Amino acid sequence: MAAQRRQGHDVCLLTLTRGEATKVRHKFGWTLEQMGEARYRELMDVRTTLDLTDIRILNLPDGGLKELDPWTIETSIRDEILRVKPHVVVTFPIHGISGFHDHIVTHSAVTRVYLELHGPDHSWLQRLAFFTLISAPEAFPWHVNVTAPAEIDCVLQVTDADMERFHKALDCYVTYADVIAQTKIHQVFDKEVHFELFREDQKPPFDDLFDGLRSAV
């Protein structure tokens with residue numbers, strides 16, 4: 001996101017939940033509502049740090065998306081896409097990276113809405129991309145799902161300045177400081193970012209998410 005902003009693109013972030021169900025809340029003795037408020041404030045700090053164009057934080061139940069009527073989730077996503085009118089939508093890959101069911105539900109909902117809207121009536125909507133990893137960080141304490149390198153369609157090289165913003169954005173998650181330190185997220189990610197592009201097979205991979213798109217319409 002820092003790289004896209006540096007290149008002059010608008011970047012709008014939609015989160016479906018506030019992340020209130022995290023077990024981290026027990027460390028602070030907080031209710032679900034208190035944890036959600038804390039994470040909301042942290043996300044707003046991330047918005048400032050990454051200079052995001054816009055952010056929309058919904059309050060769907062964290063950890064409970066699989067129990068909702070899919071139409072409820074898709075309606076929220078559809079409304080946001082129609083409001084923002086993005087050329088490129090980025091979401092989780094099919095395996096959700098962590099395998100967390102909220103991520104997998106999000107992948108399915110975003111993909112279905114993209115298929116519904118993609119076409120001549122919404123010609124601005126041109127690409128669906130899945131942010132993913134091609135290898136699991138060494139000594140990572142949790143399971144990580146990866147994507148085979150042959151399925152990667154875009155490899156984005158970010159700069160030192162982008163990485164600096166990445167680190168500052170991580171530091172905004174004060175309630176997660178211990179988890180971030182445990183996982184060594186600051187150290188395990190490098191300056192190469194990988195994406196799958198839905199229904200595309202780019203060989204060699206693009207080096208920009210906007211490669212091959214039509215001019216803005």
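No value in this document is a laboratory result; all are computed from the given coordinates. Just so we're clear, the structure is a prediction, and the values are computed from it rather than from any experiment. Backbone-built Cβ (ideal geometry, glycine too); neighbour counts: all protein chains shown.
Here are the numbers for the structure shown:
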| item | result |
| --- | --- |
| Distance between the range 1-32 and the range 193-217 - C-alpha centres, whole angstrom | 25 Å |
| Cα-based convex hull, the range 82-168, per residue volume (Å³, whole number) | 146 Å³ |
| For the range 1-98, convex hull of alpha carbons as volume per residue, Å³ | 124 Å³ |
| Relative contact order (%) - criterion: Cα under 8 Å, at least six apart; region: the range 4-117 | 27 percent |
| Count, lysine Cα pairs under 26 Å in the range 2-197, 8 or more residues apart or across chains | 7 |
| Residue-wise HN-Hα coupling along the range 28-43, computed from phi with Karplus coefficients 6.51, -1.76, 1.60 (Hz; x: Gly, Pro) | 9, x, 9, 6, 4, 5, 5, 5, x, 5, 5, 5, 4, 4, 5, 5 |
| Global form of the range 56-107, assessed from the alpha-carbon gyration tensor, a/c cut-off 1.5 | oblate |
| Over the chain, relative contact order from alpha-carbon pairs under 8 Å, at least 6 apart, % | 22 percent |
| Within-11-Å neighbourhood charge of LEU68 [Cβ basis; K, R +1; D, E -1] | -3 |
| Positive minus negative residues near ARG165 (Lys, Arg vs Asp, Glu; Cβ under 14 Å) | -1 |
| Per-residue HN-Hα couplings for the range 189-201 [Karplus 6.51, -1.76, 1.60; θ = phi - 60°; Hz; x = Gly/Pro] | 9, 10, 8, 10, 10, 10, 9, 8, 10, 4, 6, 10, 9 |
| Cα extents of the chain along the three principal axes, largest first (Å) | 51, 38, 30 |
| Surrounding net charge for ILE57, when Lys and Arg each add one and Asp and Glu each subtract one, Cβ distance under 15 Å | -4 |
| Amide N proximity, the range 180-217 versus LEU115 label position 7 Å along Cα-to-Cβ, cut-off under 19 Å | 196-201 |
